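Some notes on the structure that comes next.
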Amino acid sequence: MDANQTPGSPLRPPLELWGGVECTVNRVGDRFFDQVRSSGHDRRPADLDALADLGLKAVRYPVLWERTAPSHPTALDFAWSDGRLHRLRDRGLAPILGLVHHGSGPRYTSLLDPEFPARLAAYAAAVARRYPWAERYTPVNEPLTTARFSGLYGHWYPHHRDDRSFCRMLVHQCRGVQLAMREVRKINPAAQLVQTEDLGLTLSTPSLLYQADFENERRFLSFDLLCGRVRRGHPLYGYLRWHGVAEAELDALRDEPPPDLLGVNHYITSVRFLDDRTEHYPAEMVGGNGRHAYVDIEAVRVCEDGLVEPGELLRETWWRYQLPLAVTEAHLACTEDEQIRWFKEVWDAARACREIGVDLRAVTAWSLFGAHDWHCLVTREDGCYEPGAFDVRDDPPRPTALAQYLRDLSRGQCSDHPALATPGWWRTPGRLVYPPAARAHPVARRRHLLSLVQETA
């Protein structure tokens, strides 16, 4: 049997291998950070031939609003996208078009602009008219994550730090997604919405259970809004209304069809642990919520029984929504060997989910040309580079060991790479940096699992 074929499902298409180009264009103050420019991909059209040689079926690829219409909504320059998208099509790679990727839009708008949804929709219509053959879109990547970083934590433009701004930014992005797809489908009725989000999970010590419960509900909020689930009785309905979201806005969000596919972006660091044992940490790590002081840290660095398995998050998402899934980002900033180990874990988790009936279509190798300065959440330009399947410090980019592993997967071959003989760092005792704690308060996990049962009953 091929490595990507699910046992017992001869009629189901094989699990597909997708890829993605890290393409964030975010804004800090008046400065835009452009990952495509930082990686040099904007100057190397031959990169696309290298992606095709990996055997990918589809590629998440940017046609970003900030790059195409930076100065005025009607002054669009598709020259760069024209050459790249047609080359992808010629090489048999289906593009998944990304329009906003952690951005706030060009200078003439922002995530707080009431016209942001309509402006984004107008741009999406222009893209669809230009590329009527393109069938998959991600109008806004990770709207919840972007709203957190821009509205709650102040990292990115417009640098707000309050719940009201977070809710407004999230609603504007979700409504923008819906209106964008409405316009795209006027031109291409077959167009599909591939909606991505970094779901993560929050674990905690017992006294912080209430905060973990809130964050575990909040992590699904973009999907819930786009799937029409936020109404009276939803756990965060009151939170949204209290922070300025009108009932009519929530009603309008329920009037549109749900995404065609939910994309789960999964990172080891996205599983967090809230620890009130502040004496174990440096003072600069201690924060809080006004009620308790605590540290928000990667769970893998402190939880004694390890990380939350990728399959757990995928099954949870499937049970909650019953919509087709894909892993739309699988990446690890580490050595080439560790990247292979991590990707294999995610790939194997996806295959195991398919075996129990989860409609999971693909796993995406993200950051194929690496990423820059994510160690500081792209808030400054430090020159910190992490390779992916290719290392752009060489010209042309050097295929890494991960590239060969991906080629093997695409050909249905089981790789015998020596790195797979040993566990990843996240499964070794050396992963613990601070005094270990229980993975989660048992009541929290029970409550979480009970909610899944109730939703699917």
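Looking at the stretch 226-255, which trypsin sites (Lys or Arg not before Pro) are DSSP coil and have at most 14 other C-beta atoms within 10 Å of their C-beta?
Numbers: sites: ARG229, ARG231, ARG232, ARG241, ARG254; in loops: ARG229, ARG231, ARG232.
Those satisfying the criteria are ARG231, ARG232.
Per the helix-only calculation at 222 nm, which mean residue ellipticity applies to the chain, given -39500 (n - 2.57) for every DSSP H run of n ≥ 4 and division by its residues, nearest 500 deg cm²/dmol?
Numbers: 15 runs with 159 residues, N = 457.
About -10500 deg cm²/dmol.
How do CYS376, CYS174, CYS353 line up, fewest other C-beta atoms within 10 Å first?
Ascending number of Cβ neighbours within 10 Å: CYS376, CYS353, CYS174.
May I ask which residue of PHE390, TRP242, ALA401 lies farthest towards the positive end of the charge dipole of the chain, with charges of +1 (Lys, Arg) and -1 (Asp, Glu) on Cβ and the Cα centre as origin?
So the residue furthest toward the plus end is TRP242.
Whole-Å semi-axes of the stretch 224-355's equivalent ellipsoid, largest first, each the root of 5 times a Cα gyration tensor eigenvalue?
Square roots of five times the eigenvalues give 30, 26, 11 Å.
Counting Lys and Arg as +1 and Asp and Glu as -1, what is the net charge of the other residues whose Cβ lies under 10 Å from the Cβ of PRO324?
It works out to a net charge of -1.
Counting DSSP beta bridges with both partners in the chain, what percentage is antiparallel, nearest 5?
30 percent
Using only C-alpha positions, report the orientation-averaged shadow area of the convex hull of the stretch 25-171, nm², one decimal.
Across all orientations, the stretch 25-171 yields a mean hull projection of 8.6 nm².
If neighbour count is taken as other Cβ atoms inside 10 Å, put VAL300, VAL127 in order from fewest to most.
Values: VAL300 20, VAL127 25.
Lowest count first: VAL300, VAL127.
From zero up to wherever the largest Cα-Cα distance of the chain sits, split into 10 Å bins and tell me the percent of pairs in each.
Per 10 Å bin, starting at zero, the Cα-Cα P(r) for the chain comes out as 4, 20, 32, 29, 13, 2 percent.
Can you give the translational diffusion coefficient of the stretch 1-110 in µm²/s, computed by Stokes-Einstein from the Kirkwood radius over Cα pairs at 37 °C and 0.692 mPa s?
For the chosen part, D equals 210 µm²/s.
Which helices pass in the chain if a helix is a full DSSP H run, must span at least 24 angstrom along its long axis by Cα, and must have mean Kyte-Doolittle hydropathy not below -0.5?
Span-like helices here: 163-187.
Under a Cβ-only charge scheme (Lys and Arg +1, Asp and Glu -1), can you give me the dipole magnitude of the stretch 255-384 about the Cα centre, in debye to the nearest 20?
With only Lys, Arg, Asp and Glu charged at Cβ, the dipole is about 240 debye.
Which listed residue (VAL25, LEU262, LEU314) has the Cα farthest towards the positive end of the charge dipole for the chain, taking +1 on Lys and Arg C-beta and -1 on Asp and Glu C-beta about the Cα centre?
LEU262
Using the Cα centre of the stretch 150-266 as origin and beta-carbon charges of +1 (Lys, Arg) and -1 (Asp, Glu), tell me which of GLY154, HIS172, PRO206 is placed farthest towards the positive end of the dipole.
Sorting the options by dipole projection puts first HIS172.
Just add up the charged neighbours of ASP53: K/R +1, D/E -1, any other residue whose Cβ is under 10 Å from the Cβ of ASP53. Working shown, then result.
Numbers: positive: ARG91, ARG407; negative: ASP49.
Value of the local net charge: +1.
Lys and Arg at +1, Asp and Glu at -1: add these up for the other residues within a Cβ distance under 12 Å of THR278 and post the number.
Values: positive: ARG277; negative: ASP275, ASP276, GLU279, GLU284, ASP296.
Result for the local shell: -4.
Out of the stretch 145-217, which chymotrypsin sites (Phe, Trp or Tyr not before Pro) are coil in DSSP terms and have no more than 16 other C-beta atoms within 10 Å?
Filter output for the stretch 145-217: TYR153.
State the antiparallel share, in %, of DSSP beta bridges confined to the stretch 1-152, rounding to the nearest 5.
25 percent
When the dipole is taken about the Cα centre of the chain, and only Lys, Arg (+1) and Asp, Glu (-1) are charged at their Cβ, what size is it in debye, to the nearest 20? Before the final figure, lay out the partial values.
Details: 55 positive and 61 negative charges, 209 e Å.
The calculated dipole for the chain is roughly 1000 debye.
Looking at the stretch 250-312, which GluC sites (Glu not before Pro) are DSSP coil and have at most 14 other C-beta atoms within 10 Å of their C-beta?
Numbers: sites: GLU279, GLU284, GLU298, GLU304, GLU312; in loops: GLU304.
Answer in residue order: GLU304.
What's the magnitude of the charge dipole for the stretch 163-320 around its Cα centre, counting Lys and Arg as +1 and Asp and Glu as -1 at the beta-carbon? Answer in Debye, nearest 20.
760 debye
Read-outs: derived from the displayed coordinates by stated rules, not from any lab. None of these values were measured; they are calculated from a predicted model. Virtual Cβ from ideal backbone geometry, glycine too; neighbours counted across all protein chains shown.
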